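Beneath this line is the structure, given in structure tokens, with notes to follow.
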Amino acid sequence: MDNDLGLENKVALITGAGQGIGQGIALSFAAVGVKVVAAGRTLEKCEATCELIRERYGRDCIALRCDVGSLDDIEATVAAAVEAFGTIDILVNNAVSTSLGPLLSQNDERVMRAFEVGPIATLRMMQRCYPYLKTNGGSIVNMASSAAKRWDMTNYGVYAAEKEAIRALTRAAACEWGKDNIRANCILPHANSPALQGWAQARPEEAAAFIKTIPMQRIGDCENDIGSFVTLLCSRHSAYVSGQSIAVDGGQAHLG
């Protein structure tokens, strides 16, 4: 396999790009010549991601404020990305909101917000980006989770449900849009993101036990582990991979 990933000057729209996995993917893309649209709820964080990209690689990058729970924000973000760079070749749905805790503690407001920012936003963003993705053959990467495969799903029911919905939508997109040369895949990552760090600090015993279940005995790095894999998944070297859910988790999950 040569070093030409076929990504030079491609345009990638990444949600939740201001930190964690989204930022790691943005940096990894920029390293191979991708033009990045860094979208997120906090504009300043997305601007910081763009500044890192400019400092390291001198690449084009724009930061956009986008609450993916808002259809108006999604439509404005897609329009701004196309206005800036002419098209969208890669879509990464990474933004997330969830509601952890026992089922009896859940309320409609928290659950609806989780689904609006999760599968509903994922579907809306895929729909709005579809006309551009099909122009030159595009790639979609959505964020799922192995939470539904946990040996004990206590406190993770809503989170697992929204992520399983994203997996189903991704598979449907791969099947319906494959004729348009659009690929759609999910990754199920373990990454040392701010969200995971906060969880580990709040539940240190659970976090320590969790890491012991990972064969590689570590949490993945947002850029070097997760970002690098997503870059490869969007490259020409993965041109025949679509409709898959791939655990990027050091060997923990068994998806069979």
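The values are calculated or read from the model by the stated rules, or taken from the named source; none is laboratory data. Nothing here was measured: the structure is a model prediction, and the numbers come from that model. Positions of Cβ are generated from backbone atoms using ideal geometry, with glycine treated the same way; all protein chains shown enter the neighbour counts.
Mind listing whichever residues of region 156-188 are among the hydroxyl-bearing types (Ser, Thr, Tyr) and outside any helix (DSSP H, G or I)?
First, the residues of region 156-188 that are among the hydroxyl-bearing types (Ser, Thr, Tyr): 156, 159, 170.
Within region 156-188, just 156 meets the criteria.
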- Item | Filter pass, residue 214 being more than 27 Å from residue 9 (Cα to Cα), out of contact with any helix residue (DSSP H, G or I) (no Cβ under 9 Å at 6 or more places or on another chain) and among the β-branched types (Val, Ile, Thr) | yes
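Filter region 86-97 down to the residues that are buried (at least 22 other Cβ atoms within 10 Å of the Cβ) and either part of a loop (DSSP other than H, G, I, E, B) or at pLDDT below 90 (or both) and list them by number.
Within region 86-97, the subset buried (at least 22 other Cβ atoms within 10 Å of the Cβ) is 88-96.
Passing the criteria: 88, 89, 94, 95, 96.
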- Item | Condition broken by residue 60, with the remaining ones in (1) crowded, with 17+ Cβ neighbours inside 10 Å; (2) modelled with pLDDT of 95 or more satisfied | (2)
- A careful count of residues in region 101-133 that are in contact with a strand residue (DSSP E or B) (Cβ under 8 Å, 6 or more places away or on another chain), β-branched (Val, Ile, Thr) and more than 18 Å from residue 168 (Cα to Cα) gives 0
- Considering each residue of region 136-158, count those that are out of contact with any Ser or Thr (no Cβ under 6 Å at 6 or more places or on another chain) and surrounded by fewer than 24 Cβ atoms within 10 Å (Cβ to Cβ), and give that number. 14
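With 75, 8, 51 as the choices, which residue is part of a helix (DSSP H, G or I) and more than 14 Å from residue 125 (Cβ to Cβ)?
Details: 75 fails: more than 14 Å from residue 125 (Cβ to Cβ); 8 fails: part of a helix (DSSP H, G or I).
From the options 75, 8, 51, the qualifying one is 51.
Okay, residues lined up against (1) in contact with a strand residue (DSSP E or B) (Cβ under 6 Å, 6 or more places away or on another chain); (2) closer than 21 Å to residue 25 by Cα:
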site	(1), (2)
156	no, no
161	no, no
166	yes, yes
190	yes, yes
214	no, no
217	no, no
238	no, yes
247	yes, yes
254	no, no
- Task: Select, from 179, 149, the only residue that is in contact with a strand residue (DSSP E or B) (Cβ under 9 Å, 6 or more places away or on another chain) and among the basic types (Lys, Arg).
- Result: 149
- Single match in 110, 124 (criterion: in contact with a helix residue (DSSP H, G or I) (Cβ under 8 Å, 6 or more places away or on another chain), surrounded by fewer than 19 Cβ atoms within 10 Å (Cβ to Cβ) and in a helix (DSSP H, G or I)): 110
- Query: How many residues does region 12-50 hold that are of a type outside the set (Gly, Ala, Ser), in contact (Cβ under 8 Å) with a residue 60 or more places away in the chain, surrounded by fewer than 24 Cβ atoms within 10 Å (Cβ to Cβ) and closer than 20 Å to residue 68 by Cβ?
  - Reply: 1
